[in-house]
Amino acid sequence: REPETEASDVALLPSELFAARSRCHRIPARGQKDFLPDGSALQRERLERSLEEHWSLVSEERVERLGALVQAEWIPSKRVVELRTPAGKFWQTMGFSEHGKQFLLPEEALYLMECGSVQVFLHGLPLSIQEGYEMFLSPSTVTLQQYEVFSHLKRLGYIVTRFEPSCVLSHYERTLNLPVQRDRQGRALKRKRNHEAKNQRFDPENHPDSLTEEKDQGEVEDKPVAMESTSDAVLARNWWVDRSPRSPMSPTRSQAPRWDFFTITFPDLGARGPLSPLVAPDPTVLPGELSVSECELTPWLQRLNLRKERLSRREQEREQARRRYQRSVNDDKEVRRCGNWAEYQELLRRRRRHHGQRDRPPHLWESTVKPLVQPGQHTSPGELLDKISIIKPSRLLDGAARLEEGADEWKISFDVFQPDTVAEFKKSKPGKPYSRLCVCSFEGPVPDLRVLKQLAFQSGDIPVTFAVVDHGDISFYCFKDFQLPTDVSH
Amino acid sequence: MTEAVFQAPKRRARVYESYEGPFPVPLCADGAGGPEPLVYRADVVNRHVVVRDPAHIGAVYGKGYFGKGVLSRSKPQHSISERFQRFGDQRLPVISSSKYEQHVNWARELLLAQGLDEDVVDEMLQKCVQPVPEVGVEEEEEEGEGQEGVTCSEDRSASTGPLPPCGLSDGERPKPRRQGDPRYDPLAELHERMDRETVDGTHFSRHDGRVEQEDRRCPLPSAGCQYVLVEEEAERHEQAALETNGHRSGVRLVCRINPFQVIEYLQLSPEEAFFLVYALGCLSIYYNEEPLTIANLWEMFCSAQPNFDTTYAAYHYFRSKGWVPKTGVKYGTDFLLYRKGPPFYHASYSVVVEKVDGSFRGATLRPFTWRSLAALNRITGNVSKELMLCYVISPPDLSAEERRSPECMKRLKVQEIIVSRWVSSRERTEQEEI
């Protein structure tokens, strides 16, 4: 193909071609920044020189071998670009096949045009970059900001594909490890959500309907035992239903208690002396046909571990220190004066009241709202922390399922894969992306918790990164779910 | 993964303090029933909550790092001077004479403001600022001039007998002085020739026979008095003696009573105060000598500080996780989270508290723009902390009536989010920099 026969491109003279070939491809080094303009001629000259270098670099015309360019055609009705000549290296990560023909998505085509790998025609005429921008980018395909993010990441080597919501596996589906079948345009086949078509994979015991119910109404569970717990819940519910006539809540309270504790003795099994065997209980108190004979205690006691514990030296010392300050409750004269449990309780109450002024000041403890904990009433710091933990933590996915679909401004646009996975990347089976991108403008609002939850729910288990575009400058921010660990530092 | 990775807190290079405990409450194994107070006292002064009793200050700050000393950077360790010198048996702070004069002037102004006559004030101050003689020194320069409580008028002929002939307080056995006693000290003759003041003015560290009995001779007067060593111009005849002591030439140290003591309090923020009262029950807050109930306190704090319920919920949550939240005003946020306490670790998180309702809409307290969020992120990154957004979620059916009581805390939930910036250039991905 001779350049002259193409009706389009500027034909280059051989001299120009040669000049382009031998042009220095080095990017001019920029040197150190000056912080303030100092008005000197030297600074001005340096600035001018660097600006000129910049300008000449930017105004260079790209020269490509026509043979290396892949020819393609823009199809406005379908908003895709169809390749007319076979694809090059970019085919590994971009484009899709349909009916035996190769296609490119508009953003991919525009990017390749800018790279100089593809020449796109429309009605027989090649499109310029500007026309490409005008035609390929639109709210129905990919907006300019999204394209800026796309091309920024592609230039750095990342693999960027469009996000398909139906491709997101729910946790349940992930545990099944089903192969993902993609259709022509890379969209996964929409699987029927009620799983009836794939019954042979399930155990007949697990009720699929109740499981979907669980999923729809409950929150997305992250525990890997989600399946077992739901099935247990199902079984549990049935069990309850079956046995409700015999449930313990059925009213028997009106009857007098059937056990007379004054005649029932509780033997002291801890006593060291010889123990008499336990007598058989009164058959009237036993349920049903049960009959119990006398019980010999010695074989049981032999099974108990009554060996003396062998402590290490440090533990022994600790025990000694502890025992030194231990006061047996029976040494207390006042306690010995108590005749029964009620009197002992009264003594305790009296003592507490005596300390009351000091430990429990009435203005705190006698009013409507009381403190959560009383000083000196807990045994360990962990217990104290438990008692004051009245505010529960929340996870990002809690309640995310019931939020309605958000407005159009916040949606996930792309999947991003790491650059070092290029070699093994397969378009048919891309695997889990590194992150999902939501593109927004720097002038726009910052996402609040509601948006974060919606996007986290849409994305499944892949983190969502926000690409904030400020007229070509892109910053990426992540908002990640976090659980502050409890620190019981003793 | 979707969840942020927990980075271990960074320990400080030099830790000077020892960890006493997470909260100023005793465990029931020890402490309970002991002599220390279980409920500390604070007062409301000018709409601020302050703890005044030094013992209470020590307990409340020492365990849990609640509050801030009003005259200090954080720990209430204000002292009148950084330099200390030994004087008799104690170490007293050394201040310049101009500073001492300042204190005298303050005392004078205070007394005048109380309506006393000028002559009366002058007389009082005159008595107060008399130099206190050093214990054990021959009282040549400072003939006893009726100072408060300085009762040493015993003579100093200590070298003659094994026991010094002074009267002793508390009837304690004095430690026999062997130095200078010819029966024990071979250098006794030499010792007698040395200047008395020199000997007693210098400090020997653990020298055998070093005079220790002066401890018991002159008990301190009333406990409220603070003694200071004032640097004053020395008179000529003392110069020589002083130079051998190693003091600065021309300066002698005179012990005087500080007429105007500046006492430091511990100031508690509303969240800290409410936590100590409500969650731990170990603090009582008094207003005009009247103790306040928890409901009163809640009302007072809610009206004094907007959004107190939200910030308090976040504070309570972090405390119940065992972290120490301190004010985040230094870095433009609401809290800084420390593990164990500021002396041990650098702050790990810089927290911004936000309030959301039942449908998770919010951002009312501090509406962010990307610009302000980027700026805050940058600052937080520069000081090696992580920016955390803490959303306090209130259920949709929480009525205004319930909000008027602190019991509404039990229905709130907290969601933590870590904000981080991802740098796309391949060599530096912040997420993987661990």
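The values are calculated or read from the model by the stated rules, or taken from the named source; none is laboratory data. Since the structure is predicted, the reported quantities are computational estimates derived from the model, not experimental observations. Neighbour counts run over all protein chains shown; Cβ positions are idealised from the backbone, glycine included. Side chains included, ligands, DNA and RNA excluded: accessible areas come from the protein's heavy atoms. Shrake-Rupley method; radii C 1.70, N 1.55, O 1.52, S 1.80 Å.
Tabulated results
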quantity: Pair A:PHE266, A:LYS308: separation of 7 Å Cα→Cβ label points (nm); calculated: 3.0
quantity: Region B:339-397: C-alpha gyration tensor shape, a/c 1.5 cut-off, then a/b vs b/c; calculated: oblate
quantity: Phi-based couplings in Hz for region B:355-361 (Karplus 6.51, -1.76, 1.60; Gly and Pro marked x); calculated: 10, 10, 9, x, 9, 6, 8
quantity: Buried area at the A-B interface (accessible, heavy atoms, 1.4 Å probe, summed, Å²); calculated: 7100
quantity: Accessible area of region B:285-434 belonging to carbon and sulfur atoms, whole % at 1.4 Å probe; calculated: 48
quantity: Hull shadow area, averaged, region A:364-490 [alpha-carbon convex hull, nm²]; calculated: 14.6
quantity: Region B:277-311 versus region B:329-401: alpha-carbon centroid distance in Å; calculated: 23
quantity: Average other protein chain Cβ within 10 Å of Cβ, residues A:444-454; calculated: 6
quantity: Carbon plus sulfur fraction of accessible area for region A:355-490, probe 1.4 Å, in percent; calculated: 51
quantity: Peptide ranges A:133-142, A:387-396 listed from the most packed, as the mean C-beta count within 10 angstrom indicates; calculated: A:387-396, A:133-142
quantity: Listed residue pairs exceeding 30 Å between alpha carbons, taken from A:LYS429/B:LYS385; A:LYS426/B:LYS385; A:LYS308/B:LYS340; A:LYS154/B:LYS330; B:LYS10/B:LYS413; calculated: A:LYS429/B:LYS385; A:LYS426/B:LYS385; A:LYS308/B:LYS340; A:LYS154/B:LYS330
quantity: Anisotropy class of region A:378-431 from Cα gyration tensor, a/c 1.5 cut; calculated: oblate
quantity: For B:405-418, mean number of other protein chain Cβ atoms within 10 Å; calculated: 5
quantity: Those residues of region B:343-379 for which accessible area with every protein chain present is at least 40 Å² below the isolated value (1.4 Å probe); calculated: B:PHE360, B:ARG361, B:TRP370, B:ARG371
quantity: Sparse-neighbourhood loop sites, GluC sites (Glu not before Pro) in region B:82-133 - DSSP loop, at most 11 other Cβ within 10 angstrom; calculated: B:GLU82
quantity: Pair A:GLN316, B:LEU110: separation of 7 Å Cα→Cβ label points (nm); calculated: 6.0
quantity: Pairwise FRET efficiency - A:GLU82 versus A:ASP38, Cβ, R0 = 51 Å, nearest 0.05; calculated: 0.35
quantity: A:GLU61/B:SER74 FRET efficiency (R0 56 Å; Cβ-Cβ; nearest 0.05); calculated: 0.30
quantity: Gained length - B:ARG91 relative to B:LEU365, 0.36 nm times residue gap less alpha-carbon distance; calculated: 93.5 nm
quantity: Averaged over B:276-288, number of beta-carbon atoms from partner chains that fall within 10 Å; calculated: 4
quantity: Tensor-based shape of region A:35-145 (alpha-carbon gyration tensor, a/c under 1.5 rounded, otherwise prolate or oblate); calculated: prolate
quantity: Region A:32-119: chymotrypsin sites (Phe, Trp or Tyr not before Pro) in DSSP loop, at most 11 other beta carbons within 10 Å; calculated: A:PHE35
quantity: Relative contact order, percent, region A:39-150 [alpha-carbon distance under 8 Å, six or more residues apart]; calculated: 22
quantity: FRET efficiency, 1/(1 + (r/R0)^6) with R0 45 Å, evaluated for B:GLU17 and A:VAL335 via beta carbons; calculated: 0.60
quantity: Average projected area [Cα convex hull, region A:33-98], square nanometres; calculated: 8.8
